[in-house]
1. In segment 71-80, which residues are touching an Asp or Glu at 6+ places or on another chain (Cβ under 9 Å) and either touching a residue at least 60 places away in the same chain (Cβ under 8 Å) or open to solvent by less than 10 Å² (accessible area, probe 1.4 Å) (or both)?
2. If I ask for residues that are outside any helix (DSSP H, G or I) and either of a type in the set (D, E) or open to solvent by less than 30 Å² (accessible area, probe 1.4 Å) (or both), which ones from segment 369-388 would you list?
3. Name the residue that is surrounded by the fewest Cβ atoms within 10 Å (Cβ to Cβ), counting only residues in segment 414-439 that are without any contact (Cβ under 8 Å) to a residue 24 or more places away in the chain and not in a helix (DSSP H, G or I).
4. Inspect all residues belonging to segment 133-152 and state whether any of them is within 19 Å of the chain's Cα centre (by Cα) and of a type in the set (V, I, T).
5. Can you name the helices (runs of 4 or more DSSP H) wholly within segment 262-368 that have at least 1 residues being modelled with pLDDT under 95 and more than 22 Å from S429 (Cα to Cα)?
6. Checking the conditions here, which among V388, V419, V451 is out of contact with any strand residue (DSSP E or B) (no Cβ under 8 Å at 6 or more places or on another chain) and within 30 Å of V258 (Cα to Cα)?
7. Which of the residues that make up segment 170-210 are closer than 26 Å to N76 by Cβ and small (G, A, S)?
8. Considering T411, T405, which residue is under 17 Å from F254 (Cβ atoms), among the polar types (S, T, N, Q), assigned to a helix (DSSP H, G or I) and at pLDDT 90 or above?
Amino acid sequence: MSRTENSIRNIETALLCQVAGILAEFFTRRIFVAVLTQEYLGLNGTFSNILTMLSLAELGVGSAITYSLYKPLAENDREQIAALMALYRRIYRGIGLVVALLGCALAPFLSVLVRDLPDIPHIHLIYLLFVLNSALSYFFVYKQSLLIADQKQYIATVCHYGMKIILLLAQALFLWLTRNYFVYLGLQIGMTLLENLLLAHAAGRLYPYLRTLSGCALRRETKREILRNTRAMLFHKIGGVVVFGTDNLLISYFSGVVAVGLYSNYLMVTNGLNAVYGRLFSALTASVGNLNAVSAPERALPVFRRVSFAGSWLYGFSFVCLIVLFNPFIELWVGGNYLFDPEIVFLIALNFYVTGMRQAVLTFRDACGLYWYDRYKPAVEAIINLVVSIALAIPYGVTGIFIGTFVSTMTTCFWIEPVVLFKYGLKASVRPYFRDYAANTLVTLAAAIVVWNVCALLPGEGLPLFLAKMAACVATGNLFYLLAYYRREEFRYFAELLTSLLPWRKRPL
């Protein structure tokens, strides 16, 4: 199978699996809130964030090694592939042990990390089960990187979401029958282990030479490259964890665990969208990495413009939908007791938009291995995020925390990441990118204002009103983008591509 066919399969498989997984996740969450209290929901989010902080032990080495796999895969250099995977295995097993030890060491200090710790039976045991699940995920997951780098991500996707759907349905069933949170967590731990074992087995069958060439040594220049990129990725890892991994901890500290439970429902929706869109971008990363490994930078620039255009439309349209549909959807899904105020909903949608608009740049940065040039940016981003979030959380609560996230993104990532990519990767002027960003933001805000006012005039209530608002978002929102972009080359490219994918048209490879 060609690499182009693999890319198409990655995207198609990701979409189908993501949609099925998201539907199962929403169903299970509905059972969760019906059976357990808001405190359990908040505890889920809080403990997950603590374990996210512990993921700093990974140090970014996974991304560095994945980037190093692109060239030997393109050249079919099996000895270097085997040597890289052996290094990856040793490192990730050590990381799993470190996460387990650090997680257990934090157990006595839960009351310090979480203000007003809820009165839930065996809460420390619950936390240790979260630690166990996180630690187990590191022991076999390293083989997934080879599948992804070799553009066989559809295998990992099918396995992950197949197991996830089975897990979610089993959790919903046993939670409804037993109303026991420990059964819910036990199923999660068992499925994490089983999924990693299955993926390791699949990689072993696809790449049998990993066993026969296990004693190969890495080239000196490859070691230097990995070490350099790992040092740079450490800063990126710290910044990402602080900015996106501390929101729940700050919310639980300043506003309580119940507020974390409310936010977790909104986060599930945005995470679902990010998962779908993220899979699209990650499916492209290996293709771009191979393109970068064998081609000149000017060949990547048109590809970037197309990916950036698609991302702008996707995230802009999603912002419009979130502004209008977020609270109506949450109310229909889990009830009116789980709603945030409109200004908080706006900030959640805004952070989703500005983070999403970075995805094209990050995809090409990862594919080009440009971690070193902006290595100090995440540290500055993390400091700004913590300072602004804490300062504003005291008077404004949850609203202040989300403002802090937005400010840190716009003062660092917004301009540094594209400048680095265009200077060192694409080797072109960054000005057209910022012009396109500004234009898309104006179109998005105009569409959001118009759609909001149109929906305010719609009669009815409940599900019929929600469906009417959804139709208005799809029709009116996309009309704005169509009128703004129909003359652009990128629009014509995707229009022809979508037309070629119709069943009665032969698909070009």
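1. Within segment 71-80, the first condition is being touching an Asp or Glu at 6+ places or on another chain (Cβ under 9 Å), and the residues that meet it are 71-73.
The answer is K71, L73.
2. Taking segment 369-388 first, the residues outside any helix (DSSP H, G or I) are 369-376.
Correct list: G369, L370, Y371, D374.
3. Taking the candidates together, the pick is S429.
4. The answer is yes, given that some residue of segment 133-152 is within 19 Å of the chain's Cα centre (by Cα) and of a type in the set (V, I, T).
5. 297-334, 342-356
6. Values: V419 fails: within 30 Å of V258 (Cα to Cα); V451 fails: within 30 Å of V258 (Cα to Cα).
Sole residue among the options that is out of contact with any strand residue (DSSP E or B) (no Cβ under 8 Å at 6 or more places or on another chain) and within 30 Å of V258 (Cα to Cα): V388.
7. A200, A202, A203, G204
8. Details: T411 fails: under 17 Å from F254 (Cβ atoms).
T405 is the lone residue from the list that is under 17 Å from F254 (Cβ atoms), among the polar types (S, T, N, Q), assigned to a helix (DSSP H, G or I) and at pLDDT 90 or above.
The values are calculated or read from the model by the stated rules, or taken from the named source; none is laboratory data. Not measured: the values here are computed from a predicted model. Backbone-built Cβ (ideal geometry, glycine too); neighbour counts: all protein chains shown. To get the accessible areas, we keep the full protein, side chains included, count just its heavy atoms, and leave off ligands, DNA and RNA. Shrake-Rupley method; radii C 1.70, N 1.55, O 1.52, S 1.80 Å.
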